[in-house]
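Student: Quick one: structure below, then a few questions.
The values are calculated or read from the model by the stated rules, or taken from the named source; none is laboratory data. All values reported here derive from a predicted model rather than from experimental measurement. Here the Cβ positions follow ideal geometry from the backbone for every residue, glycine too, while neighbour counts run over all protein chains shown.
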Amino acid sequence: MDRFVAPARPLHFADLEQRGLGRLLERYVRSGADGTRVVTYLYTSDPRWKREAPPGLAEALAGGDPGVVVTGINVVNHEFRKIFMREAPRAATFSDVREAVERDLRAERALGARDALYLRMRERYTVRVDRAAGSELAVQPR
């Protein structure tokens, strides 16, 4: 147990890979030319922080480093709530647009009915236009 608590040297990713933990760690650690990225999950025992991060936590974790990103459902939900509170007063309500939607719907239905009537009439009648002077327009059923 002493070796586990106080190892002789720092552990490296390669040490853990050799012990069969590589696949597990690949989910949380990415190394590349631009450095190493580590995913860490934090859970608080206080239920208040399920809706938003504790005050100052994100800033403290980032420590001024622009490469550190703190996220989670509570952080994202908090941002959405801030955006909603800012944008909600400008949003149109259903009652604001109801009359326009109903008017457009009635107009579309009327156009559809008119077009259907026109097609039915075209199927029943043939229109012949005589060009002779003084003749009247003749309409005959098909």
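Student: Have a look at Arg48, Arg86 and point out the one that is within 25 Å of the chain's Cα centre (by Cα) and among the basic types (Lys, Arg).
Tutor: Checking each option against the conditions leaves just Arg86.
Student: Sticking with this one: Which of the residues spanning the stretch 11-34 are among the aliphatic types (A, V, I, L, M) and exposed (fewer than 10 other Cβ atoms within 10 Å of the Cβ)?
Tutor: Matches in the stretch 11-34: Leu11, Ala14, Ala33.
Student: OK, next. Would you point out which residue out of Ala58, Ala107, Ala8, Ala53 is exposed (fewer than 10 other Cβ atoms within 10 Å of the Cβ) and of a type in the set (A, V, I, L, M, F, W, C)?
Tutor: Ala8
Student: Kindly evaluate Glu136 against the criterion of being loosely packed, with under 10 Cβ neighbours inside 10 Å and modelled with pLDDT under 85.
Tutor: For Glu136, the condition - loosely packed, with under 10 Cβ neighbours inside 10 Å and modelled with pLDDT under 85 - is met.
Student: Let me ask something additional. Determine the pairs where a residue that is on the phi > 0 side of the Ramachandran plot, located within the stretch 68-96, has a partner that is loosely packed, with under 10 Cβ neighbours inside 10 Å with Cβ atoms under 9 Å apart, the partner being 6 or more residues away or on another chain.
Tutor: These pairs meet every condition: Gly72/Tyr41.
Student: Here's something else I'd like to know. Six or more apart or on different chains, Cβ atoms under 9 Å: show the pairs whose first residue is in the stretch 35-46 and on the phi > 0 side of the Ramachandran plot and whose second is at pLDDT below 85 and not aliphatic (A, V, I, L, M).
Tutor: Short answer, once both residue conditions are applied: Gly35/Gly67.
Student: Still on this model: From Val68, Val76, which residue is closer than 30 Å to Val29 by Cβ, surrounded by 10 or more Cβ atoms within 10 Å (Cβ to Cβ) and at pLDDT below 85?
Tutor: Val68
Student: Please list, ordered by first then second residue, the pairs with beta carbon atoms under 8 Å, 6 or more apart or interchain, first in the stretch 23-34 and of a type outside the set (Lys, Arg), second part of a loop (DSSP other than H, G, I, E, B).
Tutor: Hits for this filter: Tyr28/Val39; Tyr28/Thr40; Val29/Val39.
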